[in-house]
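All remarks here apply to the structure that follows.
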Amino acid sequence: MEVAIDTPVKTFIEVTEVWVPEGEKLVLAEGNYGALDGFEEASRRESFARDEGLPGKAWAEARPVVLKQFDGSYFKRTEAAKAAGLTSAVAIPVFDGDTLKAVLVVLCGDDSERTGAIEVWAETDGLLMLDDGYYGAAKHFEWVSQHTHFPAGQGLPGGVWSSKTPILMRDLGSGYRFIRADSAGKAGLTTGLGLPVPVPGKRGYILTLLSARGTPIARRFEIWDARSAKVGKANDAILIDGICAREGALWDEDNPRRVTAWQGAIGRVLGTGIPLVEGGKPGLAAGYDSMVALPIHQGGELSHIVAWYL
Amino acid sequence: MSWIDLGPIDEIPVRGARLVKTHVGCIGLFRTAEAEVFAAANKCPHKGGPLSEGIIHGQKVTCPLHNWVFDLNTGEAQGADQGRIETYPVRLEDGRVLLDAESVSRRSAA
Amino acid sequence: MQKLVVIGAGMASGRLLEHLTETDPGAYEVTLFNAEPRGNYNRIMLSPVLSGEKSYEEIVTHDDDWYAARNVTCRFGEKVTAVDRARKVVIGENGEVPYDKLVFGTGSSAFIIPCPGHDLPGVVAFRDLEDTAAMTEASGTPGARAVVIGGGLLGLEAAAALRLRGMDVTVLHLSGHLMERQLDEAAGYLLQKDLEKRGITVMTRASTKEIRGNGKVESVLLEDGTVLPADIVVMAVGIRPQVQLAKDAGLDMGRAIKVDARMRTSDPDVFAVGECVEFEGNLFGLVAPLYDQAKVLARTLLAEEDAFKVKQLSTKLKVTGCDLFSAGDFAEGDGREDIVFRDPARGIYKRLVIENDRLIGAVMYGDTADSNWFFGLIRDGEDIADMRESLIFGPGFQGGAAADPLSAVAALPPEAEICGCNGVCKGRITQAIEGGATDLGAVRATTKASASCGTCTGLVEQLLAVTLGDGYATPAAQPMCGCTDLTHEDVRRLIKSQELKSQPAVWQELGWTTPNGCHVCRPAVNFYLLADWPLDYQDDPQSRFVNERNHANIQKDGTYSVMPRMFGGMTDASELRAIADAADKYGAVVKVTGGQRIDLLGVKKEDLPGIWEDLNNAGMVSGHAYSKGLRTVKTCVGSDWCRFGTQDSTGLGIKLEKRLWGSWTPHKVKLAVSGCPRNCAEATCKDIGIVCVDSGYQIGVGGAAGMDVKEVERLTEVATEEEAIDMTVAFVQLYRENAKYLDRPYKWIAKVGLDWVREQVVDPATRAGLIERFDISQTVYQKDPWAEHVAERRARYAPLADLTLEAAE
């Protein structure tokens, strides 16, 4: 295992926030703004109607939305974002069947220096094509991705798509472990997390987070399985995969970690069915002080939770 | 126990049967699954139908003549019908079907 | 301190060293040899490393520090060339090491099919990190293709991993379904479907003949002539113990190194553990017993008592998103009973095998939540008599839950999903019932529950009963058999609409309650599948009644009758001579039948291929006198000879029979063509009867002359012989596609109405479609089964063995 570098130099994602429906509006439930107080203040004043701003658009169009240019767009907090140095955002709707549970929004900045990727893959004619993605400085990798498509079962997106399960891939750039490995390696990408984003309607979306060592999206990733077909009738989840820069492998085939609803951060997500964002809270798993946990609702139940820590 | 090697299991189709002639009469070898074989008398106690020609389902065989159904574990007729067929010890080893020699020997027949 | 030498750093010997050094770190000075240039890693996790879902670092169990901390002298990358038991030394490539105690942990190697080309570069096994690296390397080329030989645990994990890496993957499996040792057909079917969803091609009953290539692998040739291009070939057909070294050292061997319950070999100072041992005739390939052995051996080496016992095993497949579980014994036992649960909408299949009130086996697909609980019941041999009725629902359901299905439905929460297809929950159905939908049709109309696949019909009816109480009487739709609540009509409809193309698919997707049907449904489902999917489905002889399986009619004394075809009732002297010769040769009784043919009665089963061959040689084919299919076309002599004949009735009869023979139908079909209304061929009581008149041909259908006697009804009248043939073919195909199995045409027509039948057959476009589909089916089924059985299945007609011929003991 790589020895952890404990003080993050620069992280790929700077702001993460959760918007939840309240009546006809989306209101801010939680957010991790780091030191960007000004943007936090602007956000706390905000709310979005359906089809209003970025979260409202993800709700109305029922799909993940990538926005790489705020100026002149439907983005509502452009001035505050500009002041905070934020340049791009991705909104991920969390649906349970036809019901919107929340919209998770991540914002990034400084795209000339930071490397990583947040990609949205969409099903088109039986193949997964890149719908849109934010790549920071990984320009060549962006180009490769735009010209790649995945059939069922192939690569991280194709694997997630056909198995309906989040997948965590290791060592993306170490030469052979990833279909776009060559370019990923040059871009310094190490770990990839892929997850299904179920939305109303037939079309399937896959979100991938590709993390680089220098400007990581996270240093710890977890995948929890909460399907009744796996855990039975109890409202539990078990850790089926995970990797951590501090603790190493988190999976244990024989004795997987198990949480029950409302037990710890993952348990809270299990209980509420809504994404969780924590920031500046030392004492999370392995001593990290920020985390994001995103539930996936499939087949009428909360099927999985993916979590990432920094 | 001593066992008689009757040959590879693949000589019997899955859910099919083959006949073995013995001193105690004809015995059906019934392959009920990929690696599962039963041995039982071939003759239906009702009207003598050849059970090895019946349809095999689960661990049962249905007589081709009048649809009597027998459980191959016990040899008992199922449902309303009364009757029983003899069953014989059989086992699989390395994909070969072995039949208990004692149970089909001339002495048993006597 | 005693010297311990361990040969092989695998999972079993690794666990041994853990136990040994934990319990008594000072007991032994350990030297560990390993041919691989590395220490112990978790081999069973190689497939996620291959797929990229784990890194090699994560699966290392013992790193250099671990060995150093325990003073284990590591000789990695060094092969042991011999063991000299007389001098008690192990001879390595780089020198000798003396021992007081020696442990063989040499494991196993992949079994490589010795077909031509098996040694070409690019043929890999899947046993160690080197194999894994070779495969990942091969997958690096865009568009590279892999052929995996072996659809067992290891082969399928390799296939899924290589697919995830971006390869085109084909799995070849010898047996009829995947993982046949661990799974039954239904679970194998679901697994295959799951893998195919990932873009993996699965070929069952595929036998490899040759691996071809010039200097490296290029393609794989199958026995049936199929050629599959390949950049790598993964051999995953099995393992065999790696025991040459032990054999050379003169230890007692069976199929592997023989050990006692303390893991001791025939030499009291030499022990063996893991996949290289044989204990009480058993070999071991899964990890659980290896760990047990390691624990026993550690205690043995520390002079403590312990004994290894063979236990039940369970299997899981490491393919992300494939949830399967298999445990226990399906192969032997008396008085066993199956409990089967299927949820087609969610792709769930569970089967429990019970014997003497104990659970002895379990297979689960799609829902493995309770697998540990079931495995515990199997392992501990717990008495399950009290919970038998609800056992399949798992531990959450135990503790006094009543067995009455109505109370189970009543206990469901309102949000429980009843209809998976349309996502209808119990609450909505109850509401609809309370709102006035008081029968199944009304519930279907208002909620869509049970309107799609129909498998929840029973549940909806139970809800009606629960909600309405005595006000509801369950309608008596006749189910096909005890295996399902669906009617024949439902099953036919669903086979078409859900595109079900195999029997396991029908059993699973339509929720059969038995593992593989019964004598009532199997022949029917077999017919429906071959009629609807002639090109996709393969006829299953084991789902046919004896006559159709043996292509002859069984008689009450167990002999058979044999009847060659005589097209239109015409024969000649040489055919008759051959028939006479055959009758003499096989001692047959000769009977002239009402269908204008000759029947040879009293032929023994083992003589069938012989008599068929003789008749084939005289140019005759099977008359299908035993089939639910076209029997004969009876004719009169017609205008060629008869002074009243209006058309060439014999000629038309021959043409019809030549077009229709070999086709399977829901029940037998008899035809006749009469040359004039005097009707000498008795056409008006046949399933299809054509009466020639001056102006053309009157086609009647739905006659009968059996237990029911019925005159045909006029389907239509046509002017030309060609049209008469077209109408007849179209009618037969319509009957094939729509009738219930074992309904003769007159019964079927009574159900659907002659008007509907006529509309279909008379409409030119519909007729053309019917004829086209019939002809496609005939490309598969119009073949002489006698010739085929003589050529391919001759041996099956003889007894497997004749023990009466053997000398008395």
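Here are the numbers for this structure:
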read-out: Pairs where the first residue, in region B:9-28, is more than 7 Å from chain C (Cβ to nearest Cβ) and the second is in a helix (DSSP H, G or I), C-beta under 7 Å, 6+ apart; value: B:A17/B:S52; B:V24/B:V104; B:V24/B:S108; B:V24/B:A109; B:I27/B:V104; B:G28/B:L51; B:G28/B:S52
read-out: Within region B:55-64, tally of residues that are at the interface with chain C (Cβ under 7 Å from one of its Cβ atoms) and either under 14 Å from C:R544 (Cα atoms) or without any contact (Cβ under 8 Å) to a residue 24 or more places away in the chain (or both); value: 5
read-out: Residue under evaluation B:Y88, criteria (1) more than 10 Å from chain C (Cβ to nearest Cβ); (2) crowded, with 19+ Cβ neighbours inside 10 Å; (3) of a type outside the set (A, V, I, L, M); (4) closer than 29 Å to C:P504 by Cα, criterion not met; value: (4)
read-out: Close pairs (8 angstrom Cβ cut-off, 6 or more residues apart or separate chains): over 19 Å from C:K658 (Cβ atoms) in region C:598-623, in a helix (DSSP H, G or I) and among the acidic types (D, E) anywhere; value: C:D614/C:D581
read-out: Qualifying residue in region A:280-297 (condition: assigned to a loop (DSSP other than H, G, I, E, B), of a type in the set (D, E) and out of contact with any His (no Cβ under 8 Å at 6 or more places or on another chain)); value: yes
read-out: Single residue of C:R351, C:R342 found to be within 18 Å of C:G376 (Cβ to Cβ), buried (at least 20 other Cβ atoms within 10 Å of the Cβ) and at pLDDT below 90; value: C:R351
read-out: Selection from region C:503-548 of residues that are β-branched (V, I, T) and touching a Ser or Thr at 6+ places or on another chain (Cβ under 8 Å); value: C:T513, C:V525
read-out: Boolean, C:V691 is outside any loop (DSSP other than H, G, I, E, B) and within 30 Å of C:L486 (Cβ to Cβ); value: no
read-out: Among the candidates B:T32, B:T74, residue that is among the polar types (S, T, N, Q), more than 8 Å from chain C (Cβ to nearest Cβ) and either without any contact (Cβ under 8 Å) to a residue 40 or more places away in the chain or in a strand (DSSP E or B) (or both); value: B:T32
read-out: C:K311 vs. criteria surrounded by fewer than 24 Cβ atoms within 10 Å (Cβ to Cβ) and either in a strand (DSSP E or B) or at pLDDT 85 or above (or both); value: no
read-out: Residue satisfying all of: in region C:626-675; more than 26 Å from C:F545 (Cβ to Cβ) and β-branched (V, I, T); surrounded by the fewest Cβ atoms within 10 Å (Cβ to Cβ) among these; value: C:V637
read-out: Residue, nearest to the chain's Cα centre (by Cα), within region C:752-809, restricted to residues that are more than 14 Å from chain B (Cβ to nearest Cβ) and among the small types (G, A, S); value: C:S777
read-out: Output for region B:10-29, where each listed residue is under 23 Å from C:N526 (Cβ atoms) and either at pLDDT below 90 or outside any strand (DSSP E or B) (or both); value: B:D10, B:E11, B:I12, B:P13, B:V14, B:R15
read-out: Single match in C:G594, C:G623, C:G602 (criterion: assigned by TED's automatic domain parsing to the domain that holds C:H551, within 30 Å of C:D743 (Cα to Cα) and surrounded by 19 or more Cβ atoms within 10 Å (Cβ to Cβ)); value: C:G623
read-out: Which listed residue, of C:E275, C:E280, C:E305, is surrounded by 24 or more Cβ atoms within 10 Å (Cβ to Cβ) and charged (D, E, K, R); value: C:E275
read-out: Out of A:V259, A:V269, A:V277, sole residue that is in contact with a Phe, Trp or Tyr (Cβ under 9 Å, 6 or more places away or on another chain), away from chain C (no Cβ under 13 Å), crowded, with 19+ Cβ neighbours inside 10 Å and farther than 29 Å from C:K350 by Cβ; value: A:V269
read-out: Residue match in region A:161-168 (condition: without any contact (Cβ under 8 Å) to a residue 24 or more places away in the chain and surrounded by fewer than 24 Cβ atoms within 10 Å (Cβ to Cβ)); value: yes
read-out: Selected residue (only one of C:E53, C:E18, C:E58, C:E29 is of a type outside the set (K, R), closer than 26 Å to C:L245 by Cβ and in contact with a strand residue (DSSP E or B) (Cβ under 7 Å, 6 or more places away or on another chain)); value: C:E29
read-out: Near pairs, Cβ below 7 angstrom, 6+ apart or cross-chain, from region A:31-57 (free of Cβ contacts under 8 Å to residues at least 12 places away in the same chain and crowded, with 22+ Cβ neighbours inside 10 Å) to any residue that is among the charged types (D, E, K, R) and part of a loop (DSSP other than H, G, I, E, B); value: none
read-out: Extreme residue, farthest from A:S228 (Cα to Cα), among residues of region C:363-390 that are away from chain A (no Cβ under 14 Å) and in contact with a strand residue (DSSP E or B) (Cβ under 6 Å, 6 or more places away or on another chain); value: C:G381
read-out: Qualifying residue in region C:529-542 (condition: under 18 Å from the mean Cα position of the chain (by Cα), within 11 Å of chain B (Cβ to nearest Cβ) and charged (D, E, K, R)); value: yes
read-out: Residue in region C:621-637 that is assigned to a loop (DSSP other than H, G, I, E, B) and more than 41 Å from the chain's Cα centre (by Cα) present; value: yes
read-out: Which numbered condition C:V443 misses (of (1) of a type in the set (A, V, I, L, M, F, W, C); (2) at pLDDT 80 or above; (3) in contact with a Gly (Cβ under 9 Å, 6 or more places away or on another chain)); value: (3)
read-out: Residues that are more than 13 Å from chain C (Cβ to nearest Cβ), under 27 Å from A:G188 (Cβ atoms) and of a type outside the set (K, R), drawn from region A:211-238; value: A:S211, A:A212, A:G214, A:T215, A:P216, A:I217, A:A218, A:E222
read-out: Scope region C:189-208; condition more than 14 Å from chain A (Cβ to nearest Cβ) and in contact with a strand residue (DSSP E or B) (Cβ under 9 Å, 6 or more places away or on another chain); matching residues; value: C:Y189, C:M203, C:T204, C:A206, C:S207, C:T208
read-out: Scan of region C:524-544 for residues that are surrounded by fewer than 20 Cβ atoms within 10 Å (Cβ to Cβ) and under 14 Å from B:G16 (Cβ atoms), ordered by number; value: C:D539, C:P541, C:Q542
read-out: Extreme residue, farthest from C:M45 (Cα to Cα), among residues of region C:136-158 that are facing chain A (nearest Cβ under 10 Å) and not charged (D, E, K, R); value: C:P142
read-out: Helices (runs of 4 or more DSSP H) wholly inside region A:147-238 containing at least 2 residues that are within 21 Å of A:W308 (Cβ to Cβ); value: A:155-163
read-out: Candidate set: region B:95-110, residues that are at pLDDT 85 or above and in a loop (DSSP other than H, G, I, E, B); chosen: the one farthest from the other protein chains (Cβ to nearest Cβ); value: B:G95
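The values are calculated or read from the model by the stated rules, or taken from the named source; none is laboratory data. Here the structure is a predicted model, which is why all the values come from computation and not from measurement. Because the Cβ atoms are built from the backbone with ideal geometry, glycine has one as well, and the counts that use them run over all protein chains shown.
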